[in-house]
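Colleague: Mind having a look at this structure? Questions to follow.
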Amino acid sequence: MRVLEPWVTAPLTEFLRESSARLALVMTSSGQVIAQHGFTRSVDVMSAAALGAGILATTTEIATMVDAPAGFGAVVHQGAAQGIWLAGFDTPRGRWIGLVVFGPESTVGLVRMFFARFAEQVAAATPAVVPVRDVLAEGFERELDDSLRALFGSR
Amino acid sequence: MSIARWENALREVTRVPGVLGALIISADDGLVVAESSMDELATADVAALSAALILRASRCMSAMGKGAPGSVHLVGDAGALLAVAGPAPLWLVAVAHGDAELGRVRLLLRDFAVVLA
Amino acid sequence: MARMDEAQRDLTLTVVVYGAPRVGKTSILHCIQDRVAPERRTGLSPLGTDSGVATLLDWLPLELGTIGGWNARVHLYAIPDQRHADSTRRVILGDADGVLFAADAQANRSGDNLDALRSLQSNLEDADGLLRQVPTVFMYTKHDLPAELLLSRPALDQELNPADAPSFSVSALRGEGVLEALHATISMVMRRLVGPGTRAS
């Protein structure tokens, strides 16, 4: 499991244990990865995040078309061997998305139930947003110049 | 048999004193198919956890070479969960307080399972 | 928006290369990737190619190292031209910290450039129609073509860049101007994070 935001670790660990999910990906609504479990290649993570965010964005458009302004809670695809659960949830840092892949050792009902608990726990544990002014020390430009010079060799 | 008739039959189970709710679940995906329950019963969670229980029970029976389970009864200090197999993948599930007439509930579920099949 | 992992002091910025069809967005990413020092080079990843439909977007991560006390990296995205990629554009732009707007410097592509700029603005609008302000740098591409086919940088600025954002004449083929435009974009994004009142040195 790899987690970018440390407060996601405990809820995600519990979710994985309780739901028996095989893969899990937590991302922002625009596809930036927050946490992942079960993926072995970073490119797969990025692809899944971009595709998952795109799917939810598409279903939101469909919801608007069919006059369901509240949107759909989740998108579920049940395959013969594996199923996918894709759902958005609100946190103090905006809307996040969970993408879960589960096998026959679990069910969509279990994933739904424990995902709801996971979303609640993450929302409760998320700290307030960092004030952006505090992010970078002043006078970063010289370091940026040096960094880009090193990154691109002697350009 | 229509969903409306299923729900009528489930209401009959729920009328037994002490029964909090009765539902038909799909054991394959842990979802509610039809239900009749008191407000306080989280039926979606009951369906999800019952399906997980049924899955484990099925594996246990299979490991013992005793076929597939026909019913699962879980009796606790303050209540009970009764599940009876319907036509696959459906199961009938009832949740009751400890003082409910569990024998009667079980019979109703079995009768209903026969009608469902 | 910029992702900050306070515990690890990791800072991730998203920059999107946006522009009209066939302006050379993927070539720009290839040009940047080719110029990364070999020992720090990562793969340029086409995302979504396994779907059997089309490439959804190209993605190039750049590890900048320590800047302002943070381990900084930039994720560069280029979204291809397919019409069906509009929802992808909106999704990726929703998290963009900066935009590199690529406009074709050829005189006969003016209409396409303006269409792309309008599309960018519409994809940066929120549900209430408010335009999200994202630091944008303009790069005028195809400067490897004969000069008589091209509009001058001031003429392109007048047409596309009335706010006088930084602009660069570039050739992705020759690698001219691309890194300078990228530098300007990252610099603008970081200056915005520091906040008003901080001057670039």
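Colleague: Distance between Cα centroids, region C:130-189 to region B:28-92: provide it in whole Å.
Modeller: 64
Colleague: Follow-up question, since we're still on this one. Using only Cα atoms, tell me the angle between helix A:108-125 and the longest principal axis of chain A; keep it within 0 to 90° and round to the nearest 10.
Modeller: Rounded to the nearest ten degrees, it is 40.
Colleague: Points 7 angstrom from Cα along the Cβ direction at B:Leu107 and A:Asp90: gap in nanometres?
Modeller: About 5.0 nm separates the two model spin labels.
Colleague: For region C:143-149, just list the computed ³J(HN,Hα) in residue order, Karplus coefficients 6.51, -1.76 and 1.60, θ = phi - 60°, integers in Hz, with x standing in for Gly and Pro.
Modeller: Rounded to whole hertz, the list is 6, 8, 7, x, 4, 5, 8.
Colleague: Return the Rg/Rh ratio of the protein assembly as shown with Cα-based radii and a Kirkwood Rh. Before the final figure, lay out the partial values.
Modeller: Values: Rg = 28.1 Å, Rh = 25.5 Å.
Using Cα coordinates only, the ratio equals 1.10.
Colleague: Compute the signed sum of charges (Lys and Arg +1, Asp and Glu -1) over the other residues within less than 11 Å, Cβ to Cβ, of A:Ser19.
Modeller: On the way: positive: A:Arg17, A:Arg22, A:Arg112, A:Arg117; negative: A:Glu14, A:Glu18, A:Glu105.
In short, +1.
Colleague: Just to check, using Stokes-Einstein with a Kirkwood Rh over alpha carbon pairs, what's the diffusion coefficient of region B:29-117 at 4 °C and 1.567 mPa s in µm²/s?
Modeller: On the way: Rh = 13.6 Å.
Value of D from the Cα-based Kirkwood radius: 96 µm²/s.
Colleague: Something else about it: Can you list residues from other chains, or at least 5 along the same chain, whose modelled amide H is less than 5 Å from the amide H of C:Gly19?
Modeller: C:Ala102
Colleague: Could you work out, residue by residue across A:52-62, how many beta carbons of other chains sit within 10 Å of that residue's beta carbon, and then give the average as an integer? Intermediate values should be presented prior to the final figure.
Modeller: On the way: counts 1, 6, 10, 2, 2, 6, 4, 0, 1, 3, 0.
Mean number of neighbouring Cβ atoms from other chains: 3.
Colleague: Shifting gears a bit: How crowded by other chains is C:63-74, given as the mean number of beta carbons from other chains within 10 Å of each beta carbon? Walk me through the numbers on the way to the answer.
Modeller: Working: counts 2, 7, 7, 3, 11, 9, 5, 5, 0, 5, 0, 2.
Counting other chains' Cβ atoms within 10 Å and averaging over C:63-74 gives 5.
Colleague: Work out from phi, with θ = phi - 60° and the Karplus expression 6.51 cos²θ - 1.76 cosθ + 1.60, the ³J(HN,Hα) of each residue of region B:14-25, listed in order in whole Hz, and give x for Gly and Pro.
Modeller: Calculated HN-Hα couplings, in order: 5, 6, 5, x, x, 7, 7, x, 9, 8, 9, 10 Hz.
Colleague: Using the basic label-point model (7 angstrom from Cα toward the beta carbon), what is the C:Arg22 to A:Ala150 distance in nanometres?
Modeller: 4.3
Colleague: Counting other C-beta atoms within 10 Å, and keeping those with at most 12, which DSSP coil trypsin sites (Lys or Arg not before Pro) do you find in region B:53-117? Can you show the working numbers first?
Modeller: Working: sites: B:Arg56, B:Arg59, B:Lys66, B:Arg104, B:Arg106, B:Arg110; in loops: B:Lys66.
Within region B:53-117, the qualifying trypsin sites (Lys or Arg not before Pro) (loop, at most 12 other Cβ atoms within 10 Å) are B:Lys66.
Colleague: Here's a follow-up. Please list, ordered by chain and number, the residues whose modelled amide H lies under 5 Å from the amide H of C:His143; skip anything fewer than 5 residues away on the same chain.
Modeller: Counting only residues 5 or more places away or on other chains, the set is C:Val170, C:Ser171, C:Ala172.
Colleague: With everything on Cα atoms, drop me the angle between helix A:42-65 and the longest principal axis of chain A, reported from 0 to 90° to the nearest 10.
Modeller: Orientation of helix A:42-65: about 60 degrees from the principal axis.
Colleague: Lys and Arg at +1, Asp and Glu at -1: add these up for the other residues within a Cβ distance under 15 Å of A:Gly79 and post the number. Numbers along the way, then the final one.
Modeller: Details: positive: A:Arg22; negative: A:Glu105, B:Asp28, B:Asp29.
Charge balance in the 15 Å sphere: -2.
Colleague: State whether region C:139-191 is rounded, prolate or oblate according to the following rule on the C-alpha gyration tensor (a ≥ b ≥ c being the square roots of its eigenvalues): a/c under 1.5 gives rounded; otherwise a/b larger than b/c gives prolate, and the remaining case gives oblate. Mind dumping the intermediate values first?
Modeller: Details: a/c = 4.24, a/b = 1.30, b/c = 3.25.
Because a/c hits 1.5 or more and a/b fails to exceed b/c, region C:139-191 counts as oblate.
Colleague: With Cβ to Cβ distances under 12 Å as the rule, what net charge do the other residues near B:Ile25 carry (K, R +1; D, E -1)?
Modeller: Numbers: positive: none; negative: B:Asp28, B:Asp29, B:Glu35, B:Asp45.
Cβ neighbours under 12 Å give a net charge of -4.
Colleague: Same structure again: Against the longest principal axis of chain A, how steep is helix A:9-19, in degrees 0 to 90 to the nearest 10, with axes from Cα atoms?
Modeller: In chain A, helix A:9-19 runs at an angle near 20 degrees to the longest axis.
Colleague: Go ahead and run the numbers for FRET between A:Ala10 and C:Arg153, Cβ-Cβ distance against an R0 of 51 Å, rounding to 0.05. Intermediate results must be reported in sequence, preceding the final value.
Modeller: On the way: r = 54 Å, r/R0 = 1.05.
Between A:Ala10 and C:Arg153 the formula returns 0.40.
Colleague: Residue by residue, what Karplus-based ³J(HN,Hα) values in Hz, rounded to whole numbers, does region A:141-149 have, using 6.51, -1.76 and 1.60 with θ = phi - 60° and x for Gly and Pro?
Modeller: Once θ is set to phi - 60°, the couplings for region A:141-149 become 4, 5, 5, 5, 4, 4, 5, 5, 5 Hz.
Colleague: What average count of beta carbons from other chains do you get within 10 Å of the Cβ of residues in A:102-111?
Modeller: The mean count of partner-chain Cβ atoms within 10 Å per residue comes to 6.
Colleague: Roughly what would the spin-label model give for C:Asp164 and B:Arg15, points 7 Å off Cα along C-beta, in nm?
Modeller: Going from the C:Asp164 label point to the B:Arg15 one covers 8.4 nm.
Colleague: If amide hydrogens are placed 1.01 Å from N in the peptide plane, which non-local residues have theirs closer than 5 Å to the one on C:Ile67?
Modeller: Amide H to amide H, under 5 Å and 5 or more residues apart or across chains, C:Ile67 pairs with C:Ala72.
Colleague: Here is a follow-up. Return the calculated 222 nm mean residue ellipticity for the protein assembly as shown, to the nearest 500 deg cm²/dmol, obtained by summing -39500 (n - 2.57) across DSSP H runs with n ≥ 4 and dividing by the residue count. Display every interim value, and only then the final one.
Modeller: Numbers: 12 runs with 171 residues, N = 473.
It lands at -11500 deg cm²/dmol.
Colleague: Right, here's the next one. Which residue, A:Ile62, C:Ile28, C:Ala181, has the largest displacement toward the positive end of the dipole of the protein assembly as shown when charges sit on each Cβ (Lys, Arg +1; Asp, Glu -1)?
Modeller: Going by the charge dipole, the pick is C:Ile28.
Rule-based calculations on the coordinates, nothing more; no lab input. The model shown is predicted, which means the values in this text are computed figures rather than measured ones. Using ideal geometry, Cβ is built from the backbone for each residue, glycine included, and neighbour counts are taken over all protein chains shown.
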